[in-house]
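Chemist: Take this structure first; my questions come after.
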Amino acid sequence: MQNPRQIAFLALRDTHRHSAKADDALDKWLRQAKLSDRDRGLATELVYGCVRRMRTLDALIDQLAKKKSHQQPPDLRAILHTGLYQLRYLSHIPPRAAVDTAVELAKQNSLAGLAGFVNGLLRQYLRLAADCADPLQVPFDPVQRLGISHSYPDWIVKNWLDRLGFEETEQLCRWFNQSPTIDLRVNPLRASIERVEAAMAEAGMAVSRVPHLPLALRTEGAGAIQNLPGYREGWWAVQDSSAQLVSYLLDPQPGEVVVDACAAPGGKTTHIAELTGDRGTIWACDRAVSRLEKVSENAGRLGLLSIQICAGDIRNFSQFAGAADRVLLDAPCSGLGTLHRRADARWRQTPETVRELSALQGELIAHVASFVKPGGAIVYATCTLNPPENESIIEVFLDSHPSWRIEPPAPDMPVAAFASPEGWVRVWPHRHQMDGFFMVRLRLGK
């Protein structure tokens, strides 16, 4: 149970057998194991990597195996995934170790009779890899070529190809298959960015500043976040740089009433409070009571007193009618701008789930518009790159709400570097080196 590959196999088995989310399955087995930080890192890399690369690994197995997929026990595929992932993507793992441990996994998990099959398939891959640049055979069709090579569903690839063309789509595919970095947002009410930089350097942590973001620092391989300097003191919060842009676009002012309509776990809520100098009223709303507890926890650690919690479905709220100076609608979405962080999102989302989300997004923005005072503003944001959840939602809203208009960010705002002249703000990961995001600010005429 203490082997990182065994932990990875058990988590992958849960994702295959029970459709468990990769995060939940990995966390379940890591909590039961006693692994070093290094071994935890390997188990995590194997689970997330195998899930991200599932289509590519399946294509390789189908090409190499004499037993076709419908003849293979389900657990066998998880073992083959871990072995092939190490051989193909992890240069620091000796090939012999990757093969031998995969064979041992088969023996330890009631598949001893297939240990020879595992050994033969993985060694066949190594022989082919030694003879040619890439053993993987892919079709000429650009959608399937990119989908199989980089492991995405065809419908997502086609969406990107239609907007970006082949070269940029491949860059985006590659970017999302990287392990994510960790961005910090310095809390100016507790510390300066220079103070946090100095504390990190003293602790041996390398950090770098992020262009256009005045209080963002980026680090890699941070280990346990709560052990980093300044965490307990509330000097900073973890938040990707593109998510930080959202609150800058909202531009909350001291003394204002702000409603964060889908607030949990509170990254943007706490940023809003910081930008107002903690002088205002920030309503953090969400229908998930358990996730709102995280908002309160984060606010407490950061020393923020202006945040009020309100549990429930925002579509049922009438108490905010005409009461808010600004509303943030960080809408539930497909998350297709954060595929590197959400390993299995590419497989869980479908065109049908996107249609359902689009309908919800339209309902939400139509309702929260009633919260805003004359002259007030809404920022609509998603962490997806999918036009039906972004531009299309806003266009439909504006057609039916003629008193509203798009308001581009001022040139001196951090978010201005990512905005079109019309006011659409789009963050493309492969261009800007941060999570994919869409956001737009809408102003209600007086």
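The values are calculated or read from the model by the stated rules, or taken from the named source; none is laboratory data. Everything quoted here is computed from the prediction, not taken from an experiment. Cβ sites come from the backbone with ideal geometry, for glycine too, and all protein chains shown count toward neighbours. Protein only, heavy atoms only, side chains kept; ligands, DNA and RNA dropped before computing areas. Shrake-Rupley method; radii C 1.70, N 1.55, O 1.52, S 1.80 Å.
Chemist: With springs only between Cα atoms under 10 Å, which of THR353, THR82, THR270 fluctuates most in a Gaussian network model of the chain?
Modeler: Maximum fluctuation in the GNM of the chain, among the listed residues, is at THR353.
Chemist: Could you pull the Cα extents of region 1-64 along its three principal axes, largest to smallest, in whole Å?
Modeler: Principal axes ranked by extent give 37, 23, 17 Å for the Cα atoms.
Chemist: Where does the charge balance sit around PRO95 when Lys and Arg score +1, Asp and Glu -1, over other residues with C-beta under 14 Å from its C-beta?
Modeler: Taking every Cβ under 14 Å from that of PRO95, the sum is +3.
Chemist: Taking 2.2 N^0.38 Å as the expected size of a compact globular protein, what ratio does the Cα radius of gyration of region 229-356 give against it, to two decimals?
Modeler: That works out to 1.10 for region 229-356.
Chemist: Roughly speaking, to the nearest percent, how much of region 192-237's 1.4 Å accessible area is carbon and sulfur?
Modeler: 51
Chemist: Size of region 298-372 along its principal axes in angstrom, Cα-based, largest extent first?
Modeler: Per principal axis, max minus min of the Cα coordinates gives 39, 33, 19 Å.
Chemist: For a quick protection proxy, order the peptides 272-278, 317-323, 194-200 by their average other-Cβ count within 10 Å, most packed first.
Modeler: Ranked from most to least packed, the peptides come out as 272-278, 194-200, 317-323.
Chemist: How much length is gained on full extension from VAL138 to ARG174, taking 0.36 nm per residue of separation minus their Cα-Cα distance?
Modeler: 11.3 nm
Chemist: Cα convex hull of region 352-400: mean projected area in nm², to one decimal?
Modeler: So the mean shadow area of the Cα hull is 3.6 nm².
Chemist: Using a 1.4 Å probe, what is the accessible area per residue for the chain, in Å²?
Modeler: So the chain comes to 43 Å² accessible per residue, rounded to a whole number.
Chemist: Applying 1/(1 + (r/R0)^6) with R0 = 22 Å to the Cβ-Cβ distance of GLN319 and ARG291, what FRET efficiency is obtained, to the nearest 0.05?
Modeler: 0.60
Chemist: At 0.36 nm per residue, and after removing the present C-alpha to C-alpha distance, how many nm does the segment from TRP424 to GLN253 gain when stretched out fully?
Modeler: Residue separation times 0.36 nm, minus the Cα-Cα distance, leaves 59.4 nm.
Chemist: If I take R0 = 22 Å and measure r between the Cβ atoms of LEU360 and ALA311 in this structure, what FRET efficiency does the formula 1/(1 + (r/R0)^6) give, to the nearest 0.05?
Modeler: Taking R0 as 22 Å, the efficiency between LEU360 and ALA311 is 0.75.
Chemist: A further question follows. Name the most mobile residue of ALA130, ALA243, ALA33, meaning the one with the largest mean-square fluctuation, in a Gaussian network model of the chain with Cα contacts below 10 Å.
Modeler: Result: ALA130 has the largest fluctuation of those listed.
Chemist: Here is a further query. With N set to the residue count of the chain, report its C-alpha Rg divided by 2.2 N^0.38 Å to two decimal places.
Modeler: With N residues counted in the chain, Rg over 2.2 N^0.38 Å equals 1.06.
Chemist: How charged is the neighbourhood of GLU233? Take every other residue with its Cβ under 9 Å from the Cβ of GLU233, and add Lys/Arg as +1 and Asp/Glu as -1.
Modeler: Overall, the nearby charge balance is +3.
Chemist: Determine the relative contact order of the chain: mean sequence separation of Cα pairs under 8 Å and six or more apart, normalised by residue count, in whole percent.
Modeler: 12
Chemist: Between LEU215, LEU57, LEU339, where does the largest GNM mean-square fluctuation fall for the chain, given springs only between Cα atoms within less than 10 Å?
Modeler: LEU215
Chemist: Pull up the DSSP beta bridges for the chain and report the antiparallel fraction as a percent, rounded to 5.
Modeler: In the chain, approximately 55 percent of DSSP beta bridges are antiparallel ones.
Chemist: What is the Cα centroid distance between region 355-384 and region 243-283, reported in whole angstrom?
Modeler: A separation of 16 Å, based on Cα centres.
Chemist: With r defined as the distance between the Cβ atoms of TYR231 and LYS66 and R0 fixed at 60 Å, what FRET efficiency is calculated, to the nearest 0.05?
Modeler: 0.70
Chemist: Right, something else. What is the sum of charges around ARG315, taking Lys and Arg as +1, Asp and Glu as -1, for the other residues whose C-beta is under 14 Å from the C-beta of ARG315?
Modeler: Result for the neighbourhood of ARG315: -2.
Chemist: How compact and how long is region 200-278, expressed as Rg and Dmax of its alpha-carbon atoms in Å?
Modeler: So, for region 200-278, Rg and Dmax equal 13.8, 41 Å respectively.
Chemist: Measure nothing fancy, just the Cα-based angle from helix 74-89's long axis to the longest principal axis of the chain, in degrees from 0 to 90, nearest 10.
Modeler: 80
Chemist: Can you give the direction-averaged projected area of the convex hull of the alpha-carbon atoms in region 60-184, in nm²?
Modeler: So the Cα hull casts an average projection of 10.2 nm².
Chemist: With each run of n ≥ 4 DSSP H residues scored as -39500 (n - 2.57), what mean residue ellipticity at 222 nm is computed for the chain after dividing by its residue count and rounding to the nearest 500 deg cm²/dmol?
Modeler: Helix contribution divided over all residues of the chain: -15000 deg cm²/dmol.
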